[in-house]
Amino acid sequence: MGEMLLIVLCLILSGFRVSAVETPPVFSQKDDSYFTTTVRGKLKEDMPEFSFDIEACFDSGSSTYQVRSVTVRDEEGIRQTISVPELSLFGQTAVWLDQEECMGLELEDVNFDGYKDIRLFDTVNGNYLLEWIYLVWNPDREQFVHDPKLSEIPLATFDQEDQLIYGTGRGGAARHYYYTYEYLDGEPVMIREEWSIYLDDPDPEIVKRCLVGTSVDPATVEVYHETVQERNPDTGEMELAEDKFVFLTTQTAGWTVVTQVQAGSETGKLLMEEEWKP
């Protein structure tokens, strides 16, 4: 689970690079409070280059940028203007200073249809959760359309090769959640959900019992309750695929799995009681 979290976070950080924009931005002053940042890029290789005029102002109170609109232009002129505040989680974006060159706008194919879409950074939403606004290119209408369902996927990363979306979240330092989505009938649908919950103070006697036959020092062991649910393609319902307790040790280099106990076993039921004890 720790390796998966590291991979997801690395993908997220890489998404903030300005490489999503194919040419450097152009800044122009609009008025005393708002200015326009223009970035350019192609949605597809055989399409003309688009310009994205991002109208924003700097909020000195939060030291972030508030985006008011995105105007999409092509060689023929304005294609559409998208008002942003009503799409934002809190009514206004909070784009970080290190994103000011592209004002939080990235081009990425988020629905795997071959066209790049707009992924606009929105704000921070507590507990290291970041929010984005997704504007998906509709080739029939030849415009971008807001897709709020993508915003529901926490810390989304997009696997172009396998055409899957990965999300991750947490409930405090001890609970981590991992999600996998696939596009089904034109919508992102969760097909896998993994939970990893750290047992803060399990009964040492239970831990020792689980380590019988090993040379591992119980003091080096951490216990995690890991569950996996997968979507049944026939019913569309999420079904429990795995439910176990995993014992990891730092006695060797890095984290190593020592043993695993099924949650439905006698010992697993005792550990379940430990997990929910006051």
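The values are calculated or read from the model by the stated rules, or taken from the named source; none is laboratory data. Everything quoted here is computed from the prediction, not taken from an experiment. Cβ coordinates were reconstructed from backbone atoms using ideal geometry, including for glycine residues, and neighbour counts include every protein chain displayed.
If you take the residues of the stretch 231-251 that are touching an Asp or Glu at 6+ places or on another chain (Cβ under 9 Å), of a type outside the set (A, V, I, L, M, F, W, C) and surrounded by fewer than 17 Cβ atoms within 10 Å (Cβ to Cβ), which of them is farthest from T267 (Cα to Cα)? Show your work before the answer.
Let us first name the residues in the stretch 231-251 that are touching an Asp or Glu at 6+ places or on another chain (Cβ under 9 Å), namely 231-232, 238-251.
Among the residues that remain, those that are also of a type outside the set (A, V, I, L, M, F, W, C) are: 231-232, 239, 242-244, 249-251.
Within this subset, residues satisfying the condition of being surrounded by fewer than 17 Cβ atoms within 10 Å (Cβ to Cβ) are 232, 239, 242-243, 250-251.
On the way: N232: 29, E239: 23, E242: 16, D243: 13, T250: 23, Q251: 23 Å.
So, considering only residues that are touching an Asp or Glu at 6+ places or on another chain (Cβ under 9 Å), of a type outside the set (A, V, I, L, M, F, W, C) and surrounded by fewer than 17 Cβ atoms within 10 Å (Cβ to Cβ), the one farthest from T267 (Cα to Cα) is N232.
Scanning the stretch 31-80 for residues that are assigned to a loop (DSSP other than H, G, I, E, B) and among the charged types (D, E, K, R) yields D31, D32, K42, K44, E45, D46, E49, E75, E76. Applying the criterion of being among the aliphatic types (A, V, I, L, M) and not in a strand (DSSP E or B) to the residues of the stretch 81-96, the residue that is surrounded by the fewest Cβ atoms within 10 Å (Cβ to Cβ) is L89. Scanning the stretch 163-194 for residues that are in contact with a strand residue (DSSP E or B) (Cβ under 9 Å, 6 or more places away or on another chain) and outside any strand (DSSP E or B), we see that the one that is farthest from R119 (Cα to Cα) is A174. How about the stretch 182-202: which of its residues are under 20 Å from the mean Cα position of the chain (by Cα) and surrounded by fewer than 16 Cβ atoms within 10 Å (Cβ to Cβ)? Hits for the stretch 182-202 are Y183, L184, G186, E187, V189. Restricting to the stretch 254-268, count the residues that are among the aliphatic types (A, V, I, L, M) and within 28 Å of the chain's Cα centre (by Cα). Qualifying residue count for the region: 1.
Might you let me know whether the stretch 118-128 holds any residue that is modelled with pLDDT under 95, part of a loop (DSSP other than H, G, I, E, B), crowded, with 16+ Cβ neighbours inside 10 Å and at negative phi? No, the conditions are met nowhere in the stretch 118-128.
Under the condition of being in a loop (DSSP other than H, G, I, E, B) and within 26 Å of the chain's Cα centre (by Cα), the residues counted in the stretch 203-253 number 4.
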